[in-house]
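One structure below.
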Amino acid sequence: MVSIANPHSDLIHDTALDYYGKRLATCSSDKTIKIFDIEGGNQRLVDTLFGHEGPVWRVEWAHPKFGNTLASCSYDGKVLIWKEENGKWSQIAVHSTHTASVNSVKWAPHEYGALLLAGSSDGKVSIIEFEENGSLTPIVIDAHSIGVNSVCWAPAVVEEQNKSLKQLRRFVTGGADNLVKVWKYESNSKTYSLEESLEGHSDWVRDVAWSPSLLSQSYIASVSQDRTCVIWTQVNNDGPWKKTLLKSEKFSDVLWRASWSLSGNVLAISGGDNKVTLWKQNLSGSWDSAGEVQQ
Amino acid sequence: MVQVIEYPVTATFAWSKHKLPYLVSGTYSNAIDPNFSSESKLELWSINQINNKEPIFSLNSDSKFNDLDWSGDNVTIAGALDNGSIEIFKFNQENDSIQSNELIKNNRHTGPIRSITFNPRQDNLLLSGGEGIINSSNSAKTLPTINNIQNTTSEIFIYDLNDVDNPETLPMSPNMTMNRFETISSLAWNKSLSHVFSAAGNTSAVSIFDLKAKKEVINLNYINPTTGMKEIFSVVEWHPKNSTRIATATSNNISNPLNATANAGDSIYIWDLRNSNAPLQILSPQQFENNTIVGHTDGIQSLDWCAQDETFLLSSGRDNSIMLWNPDSGLPLTKYPKRNNWCFKSKFAPNFPEIFASASLDGKIEVQTLQNIPTISDEEENNSKQQESETDFWNNVSTEKVVEKATVFNFQAPSWYNNIIEPAATWSFGGKLVSISKDGKSININKPNLPGYFQDNKNLEE
């Protein structure tokens with residue numbers, strides 16, 4: 001449909017389409033972020049954002065209710081927040097609490113406010129709330145002893161507790177300690193605690209993705225350098241997590257990324273063999289290939 | 001992860017090749033023990049041990065260590081002892097123990113052994129070098145000689161560990177006619193050719209030996225155009241993949257009679273042996289903004305070329321500093337916090353290059369992460385310190401521990417991060433899939449046709 005050739009002078013690491021599918025943000029080892037307007041089959045470069053001092057690993061759009069806002073993270077250890085106002089892009093905040101590369105950044109479901117989650121090679125995750133007065137209040141927790149590779153929020157869920165409705169605020173992290181960990185917000189202590197540490201990989205977990213669909217089950221996909229993808233499921237947001245291998249035999253190469261479609265629970269997996277494969281669950285609960293994306 | 005683990009020993013060390021590595025340390029011979037003890041210990045440490053004051057295993061050794069190496073299969077540890085012996089240890093991972101203690105029986109060294117290294121491709125081949133006493137039978141030996149240089153000569157031996165118990169078997173020794181070293185300070189096996197190695201001593205040349213030819217095949221030297229003198233090389237290190245690339249570092253010690261005037265700092269030279277007349281890169285001390293010197297101002301003692309990313313080279317020296325360089329571009333990447341004394345060995349953990357260890361005469365082996373970026377709280381601390389009143393400053397000065405951070409000149413991500421081609425595919429609204437092309441340079445937006453899944457997608461209105 002749309003193809004953008006060589007927008008950056010070095011490798012591209014991440015792309016993000018905004019909520020309306022009209023704007024694309026890309027980031028690269030060339031230390032920049034680029035913003036494109038996408039109109040039908042056409043695209044136009046709107047701006048190039050300079051500010052990071054190292055390769056930029058991830059970009060993510062905030063929900064449109066927070067304006068045209070973008071978060072990016074880099075090997076330089078920083079998370080930068082960018083905003084477009086009156087057609088002009090500028091850097092509005094710097095989050096500098098990590099001592100090593102920040103590898104992953106995700107905005108929380110918009111119901112929680114402007115809340116950002118970041119994971120770093122320093123082994124920590126930070127949760128930053130951007131408050132009305134512009135201040136940042138980070139919560140920093142030790143997550144994976146030898147580095148956090150990926151973070152992802154659970155979709156916003158409301159559960160009934162003592163006859164009142166309460167948010168169940170959770171996220172998942174994947175680390176260089178081969179573990180997948182699920183974390184939960186404790187509203188009393190205003191911090192996050194470990195809900196479950198999931199063992200299923202024998203090498204670095206490169207990406208974790210929590211399915212955004214609100215179904216009776218929670219789905220987390222984790223992909224690893226051990227060439228496997230594990231689907232973790234939990235019924236009714238409670239109880240044990242069940243482990244299913246996406247495919248019983250190993251993939252032909254290291255797996256880098258996992259992404260759930262916004263509805264329909266189709267999983268896209270990409271790996272070192274440069275293939276993007278699609279997967280969906282069948283009625284018996286196991287996973288079937290739904291084809292390969294031709295590039 | 002923990003930024004720094006430190007082990008309270010003045011010792012040389014070797015890493016194991018485990019993903020969560022062990023480190024073995026051996027009491028360093030060139031240091032004076034604060035208690036004037038002559039005791040020598042081999043000690044085992046882990047990077048995730050809780051109490052870092054005590055080793056997880058310890059045993060005594062006959063003599064202090066000049067160097068240690070751990071074999072590629074993680075089983076054997078070889079120690080270069082100051083008394084001229086080579087001690088072989090066996091590591092047992094099941095109970096975290098090290099079994100002592102056999103000295104190589106067919107050892108031919110006659111003086112202190114300075115450098116020892118396992119062949120990276122054949123675990124049974126051990127290369128050792130040091131200085132030997134010239135064995136003269138006449139009585140002149142006992143008389144003081146004017147030129148004491150003639151009392152020692154370098155010794156290099158290659159041992160086959162499968163055949164070292166027979167005192168009658170002679171270790172291999174290469175023919176060293178071109179370069180007259182008095183001692184050997186650094187030895188390195190070529191990382192791809194198991195029959196090639198190099199040596200540096202206290203002379204103005206680095207020797208490359210080929211065991212197939214049984215002799216020295218290349219002699220590298222460099223005349224410093226500023227001083228007009230030949231550089232004195234102290235360290236050699238091979239490129240991790242390219243068999244013709246080598247790094248050599250200088251130690252233009254002011255006390256060295258050959259080079260008394262040349263103390264303008266020390267440099268690392270990157271060579272391609274196919275053109276041994278001119279180095280590819282020279283990593284020299286450079287003046288940066290606010291007049292700080294970046295690079296080694298005195299005696300480089302160790303080099304380590306990262307096995308997983310050949311654009312990382314770690315160096316340390318007598319100027320107490322540790323540097324990370326890009327040997328391809330010649331750019332300094334990071335300057336680590338200074339140690340309190342000479343830093344004689346710095347090595348990446350072989351299978352976990354995110355961390356490295358460095359040994360210094362300041363009494364510690366420090367393990368630190370490649371990255372240690374100052375955070376906002378470090379800056380705030382710095383600012384509040386500068387606004388401190390004089391009284392507050394003097395009240396706090398004795399109790400405050402200054403935590404120095406690394407200075408980053410270039411944020412260059414290592415290859416084991418994501419800075420490789422990532423064919424990342426990300427779903428977005430409307431069943432669109434954005435993916436990065438196979439070469440990592442272009443972007444495609446597709447709408448995969450999955451019957452029953454996306455044909456009736458109405459999420460755009462969400």
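The values are calculated or read from the model by the stated rules, or taken from the named source; none is laboratory data. The shown structure was predicted, so the numbers you read here are calculated from the model rather than taken from an experiment. Neighbour counts are summed over all protein chains in view; Cβ atoms, including those assigned to glycine, are modelled from backbone coordinates with ideal geometry. Surface accessibility is based on the protein's heavy atoms, side chains included, excluding ligands, DNA and RNA. Shrake-Rupley method; radii C 1.70, N 1.55, O 1.52, S 1.80 Å.
For peptide B:360-373, the mean count of partner chain Cβ atoms within 10 Å of a residue's Cβ comes to 3. Within chain B, the longest segment free of exposed loop sites, counting trypsin sites (Lys or Arg not before Pro) that fall outside DSSP classes H, G, I, E and B and have at most 11 other Cβ atoms within 10 Å, spans B:242-400. Largest GNM mean-square fluctuation across A:182, A:266, A:102, computed for chain A with C-alpha springs under 10 Å, falls on A:266. Taken over the range A:143-294, the alpha-carbon convex hull comes to 111 cubic angstrom per residue.
The modelled label-to-label distance between residue B:215 and residue A:238, using points 7 Å beyond Cα along the C-beta direction, is 8.4 nm. Surface composition of the range A:143-294: carbon plus sulfur atoms contribute 46% of the solvent-accessible area (1.4 Å probe, protein chains only, all chains present). Using just the C-alpha positions of chain B as equal point scatterers, what log10 of I(q)/I(0) does the Debye formula give at each q in 0.06, 0.08 1/Å? Computed log10 I(q)/I(0) values: -0.32, -0.54. Going by the alpha-carbon gyration tensor, a ≥ b ≥ c the square roots of its eigenvalues, is the range B:319-441 rounded (a/c under 1.5) or, if a/c is not under 1.5, prolate (a/b greater than b/c) versus oblate? Since a/c reaches 1.5 but b/c is at least a/b, the shape of the range B:319-441 is classed as oblate. If you plug the beta carbon distance of residue A:250 and residue A:133 into 1/(1 + (r/R0)^6) with R0 = 56 Å, you get a FRET efficiency near 0.65. With a ≥ b ≥ c the root eigenvalues of the C-alpha gyration tensor of the range A:1-142, is it rounded (a/c under 1.5), prolate (a/b larger than b/c) or oblate? Oblate shape, in that a/c is at least 1.5 and b/c is the bigger or equal ratio.
Heavy-atom accessible surface of chain B, averaged per residue, reaches 45 Å², computed with a 1.4 Å probe.
Given the C-alpha atoms of chain A, compute the convex hull and give its volume per residue in Å³.
Spelled out: Cα convex hull of chain A, divided by residues, is 140 Å³.
Note on chain A: GNM, Cα springs under 10 Å; of A:51, A:40, A:174, the largest mean-square fluctuation is that of A:40.
In the range A:52-95, the residues whose accessible area drops by at least 30 square angstrom when the other protein chains are added to the isolated chain are A:53, A:57, A:75, A:76; the probe is 1.4 Å and only protein heavy atoms count.
Under a Gaussian network description of chain A, with springs only between Cα atoms under 10 Å, the residue in A:262, A:116, A:136 that fluctuates furthest is A:262.
Taking the Cβ of residue A:104 as the center, what net charge do the other residues with Cβ under 14 Å away carry, scoring Lys and Arg +1 and Asp and Glu -1? Don't skip to the end; give the middle numbers.
On the way: positive: A:58, A:78, A:106, A:124, A:181, A:206, A:257; negative: A:14, A:60, A:122, A:207, B:422.
It works out to a net charge of +2.
Per residue of the protein assembly as shown, the DSSP helices (runs of n ≥ 4 H) give a summed -39500 (n - 2.57) that works out to -500 deg cm²/dmol at 222 nm. Put simply, the amide H of residue A:143, placed in the peptide plane, has neighbours under 5 Å in A:124, A:125, leaving out anything fewer than 5 places away on its chain. Approximating the spin labels as points 7 Å out from Cα along Cα→Cβ, the residue B:439-to-residue B:83 distance works out to 6.4 nm. Per residue, the accessible area of chain A comes to 40 Å², computed with a 1.4 Å probe over protein heavy atoms only.
Expressed as an acute angle from 0 to 90° and rounded to the nearest 10, what is the orientation of the C-alpha long axis of helix B:376-386 relative to the principal long axis of chain B? That helix lies at roughly 70 degrees to the long axis. The residues of the range A:144-180 occluded by other protein chains by 20 Å² or more of accessible area, set against the chain on its own, are A:145, A:146; surface from heavy atoms, 1.4 Å probe. Placing pseudo-labels 7 Å out from each Cα toward the beta carbon at residue A:157 and residue B:351 gives an inter-label distance of 3.7 nm. Looking at the range A:12-33, which residues lose a minimum of 40 Å² of accessible area between their chain alone and all protein chains in place, measuring with a 1.4 Å probe and not counting ligands or nucleic acids? In the range A:12-33, residues shielded by partner chains: A:12, A:13, A:15, A:17, A:19.
Please label the shape of the protein assembly as shown as rounded, prolate or oblate, based on the square roots a ≥ b ≥ c of the eigenvalues of the alpha-carbon gyration tensor (a/c under 1.5 means rounded; beyond that, a/b larger than b/c means prolate, else oblate). Cα axes put the protein assembly as shown in the prolate bin. To put it simply, the accessible area of the range A:1-142 at a 1.4 Å probe is 46 percent carbon and sulfur.
The GluC sites (Glu not before Pro) of the range B:48-113 that meet both conditions, a loop assignment by DSSP and at most 16 other Cβ atoms within 10 Å of the site Cβ, are B:94. Length gained on full extension, residue B:100 to residue B:166, computed as 0.36 nm times the residue gap minus the Cα-Cα distance: 21.9 nm.
On association of chains A and B, roughly 5600 Å² of accessible area becomes buried (total for both chains; probe 1.4 Å).
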